[in-house]
Amino acid sequence: MVAGTSTALGWLLVLLFSAVAWYLSGQRRAGNKRGKLPPGPTPLPLVGNLFHLDPREMHRSLEKLSKTYGPVYTIHLGSLPCVVLCGYQAVKEALVDQGDDFSDRGAFPVFYRFTQGNGIAFSNGEKWKVLRRFALHTLKNFGMGRSSLEPRIQEEAQCLAQEFQGKKGVPFNPIDLVCRAVSNVICVLVFGKRYDYEDADFLLLLDHFNENFRIMSSRWGELYNIFPRLMDFVPGPHHRIFHNFEKLRQFITEHVRRHQKHLDRNNPQDYIDHFLLRMEQEKQDPQSYFHMDTLVMSTHNLFFGGTETTSTTLRYGFLILMKYPEVAARVQQEIDRVVGPGRPPCLADRKAMPYTDAVVYEIQRFISILPMGLPRAVIRDTPFRGFLLPKGTNVIPLLSSVLSDPTRFKDPASFNPANFLDKEDAFQGNDAFVPFAPGKRICLGASLARMEIFLFLTTILQQFTLQPLVPPAEIDLTPLCTGLGNVPRPYEFRVLPR
């Protein structure tokens, strides 16, 4: 009875504060009357469809609503209408078949307060196109997605293995070491250097990343995105996000200043150097997108994107392999047969390791690291499935529903590498494999992430057996929290040399 009263009081306070926010800030982005949005659950004034959603598992709530309203429907987050795309076919038709129409970034207040529309991930229009094209070109020149970067990843994977070896069978939580290893790869591309695993500034930076990803994936992060003006005045851990963002901005700004001081215009060493040269070239152009704020935000986007999702995927992967030791054993058999103990795994091995490749893909499918993707918006009034989405309409591409679409995967609720194997046990791709989001806004670092996940995972399994501290049946794979991302529960394990 007390718990029920507390819950009711909590919702009453949300409603009250929402009403106050309404009068203070006015109605947020009401739907364009020219449009015809898909039907959905009836929203309440001020709070929209808040009572239809569980902030702890927003994507599950949205998937459940699609069973009533179909694969394309409208949900109101506060007073903001959003069109939800559920399932492979709906997401493909929008983000791929009509990719240009759905290519803007939608409203994401928790990031916008920090970026102000700067950077690569959260800018729109010509600015986004220019910055993304520049980043792709620059990072490819430094080896991103190419074999020339492979030795750098292999070296970092060996550093991680040495750190694991140094634990000497004592239980430990892998989060810090995995984050350091993965982050060092993007650090080389962006900052032109790797960090020692004990560097105090580096460790503090990664702590900020981890904390932000966790809070943004909690109910606090979800509520901030629905009621940003209200939540600015509500006490809670969500305020740590912006404190951490500011620390990250200071860290990156300091690096930029060092680069400015030591810039060799004839021999740029990394992404920041190239950006600074472009700033010099266009300093007389008032329309240029290359300025200090954009550099800092773009660097943050690359650093955050290149660290958090890949390291979380690896940590989740270790947990899954301990849950299913027969899968880990079969991967190790394939590693032993193809690679052996005498050399590090390499990307060329993938073609001869179909089961391992299938496991890597299935880990990413099963965990659905960004279950709702990042919001999109239509760039113009857009006809779609008999409706008319007004320019600027927010769109939620429910990636979790694609990665668990029963028309595309066998028994999608279970972990099953056979989802990516044919009848002859050869690797088989699947168009519904979209952990990096499909279409124009596909993750800029997708090719790098694929390389890293394969090389880090195979290097560790080549050298170690992963031993859980509880029986495999007791390992809980449900996320600790889910929102922006699916965050695995903290765990410790032993790594035993093979």
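A compact table of results
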item	result
Residue match in the range 327-338 (condition: in contact with a Pro (Cβ under 9 Å, 6 or more places away or on another chain), at pLDDT 95 or above and not in a helix (DSSP H, G or I))	no
Cross-chain or 6+ apart pairs with Cβ under 8 Å, the range 145-168 first and under 17 Å from residue 343 (Cβ atoms) and of a type in the set (Asp, Glu), then surrounded by fewer than 14 Cβ atoms within 10 Å (Cβ to Cβ) and at pLDDT 95 or above	none
Some residue of the range 57-79 being among the aromatic types (Phe, Trp, Tyr), modelled with pLDDT under 95 and surrounded by fewer than 21 Cβ atoms within 10 Å (Cβ to Cβ)	no
Subset tally (residues that are over 23 Å from the mean Cα position of the chain (by Cα) and crowded, with 24+ Cβ neighbours inside 10 Å) for the range 388-412	1
Qualifying residue in the range 201-220 (condition: modelled with pLDDT under 90 and either more than 23 Å from the chain's Cα centre (by Cα) or basic (Lys, Arg) (or both))	yes
Verdict on residue 358 being free of Cβ contacts under 8 Å to residues at least 12 places away in the same chain, aliphatic (A, V, I, L, M) and farther than 27 Å from residue 57 by Cα	no
Cβ pairs under 7 Å, 6+ apart, first in the range 475-497 and within 22 Å of residue 463 (Cβ to Cβ) and in contact (Cβ under 8 Å) with a residue 40 or more places away in the chain, second polar (S, T, N, Q) and part of a loop (DSSP other than H, G, I, E, B)	491/173; 492/173
Residue in the range 469-477 that is touching an Asp or Glu at 6+ places or on another chain (Cβ under 8 Å) and buried (at least 23 other Cβ atoms within 10 Å of the Cβ) present	no
Among (1) at pLDDT below 95; (2) in contact with a Pro (Cβ under 8 Å, 6 or more places away or on another chain); (3) within 30 Å of residue 146 (Cβ to Cβ); (4) buried (at least 21 other Cβ atoms within 10 Å of the Cβ) - the single one residue 186 does not satisfy	(2)
Residue that is surrounded by the most Cβ atoms within 10 Å (Cβ to Cβ) [pool: residues in the range 478-488 that are under 17 Å from the mean Cα position of the chain (by Cα) and part of a loop (DSSP other than H, G, I, E, B)]	483
Residue list for the range 157-183, restricted to those being surrounded by 22 or more Cβ atoms within 10 Å (Cβ to Cβ) and among the small types (Gly, Ala, Ser)	157, 181, 183
Selection status of residue 366, assigned to a helix (DSSP H, G or I), modelled with pLDDT under 95 and aromatic (Phe, Trp, Tyr)	no
Segments classed as helices (runs of 4 or more DSSP H), wholly inside the range 69-146, with at least 3 members that are within 30 Å of residue 267 (Cβ to Cβ) and either of a type in the set (D, E, K, R) or touching a strand residue (DSSP E or B) at 6+ places or on another chain (Cβ under 8 Å) (or both)	125-141
Out of 378, 395, 402, sole residue that is β-branched (Val, Ile, Thr), in contact with a Cys (Cβ under 8 Å, 6 or more places away or on another chain), under 26 Å from residue 58 (Cβ atoms) and in contact (Cβ under 8 Å) with a residue 12 or more places away in the chain	395
Candidates 367, 335 - the one that is of a type in the set (A, V, I, L, M) and either more than 27 Å from residue 415 (Cα to Cα) or more than 23 Å from the chain's Cα centre (by Cα) (or both)	335
Any hit, the range 99-108, residues being free of Cβ contacts under 8 Å to residues at least 40 places away in the same chain, under 30 Å from residue 404 (Cβ atoms) and hydrophobic (A, V, I, L, M, F, W, C)	no
Subset of the range 339-351 that is more than 29 Å from the chain's Cα centre (by Cα) and exposed (fewer than 13 other Cβ atoms within 10 Å of the Cβ) - its residue that is modelled with the lowest pLDDT	342
Scan of the range 357-373 for residues that are at positive phi and crowded, with 24+ Cβ neighbours inside 10 Å, ordered by number	373
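The values are calculated or read from the model by the stated rules, or taken from the named source; none is laboratory data. For clarity, every value in this text was computed on a predicted model and none was experimentally measured. Quick reminder, even Gly has a Cβ in these numbers, built from the backbone with ideal geometry, and neighbours come from all protein chains shown.
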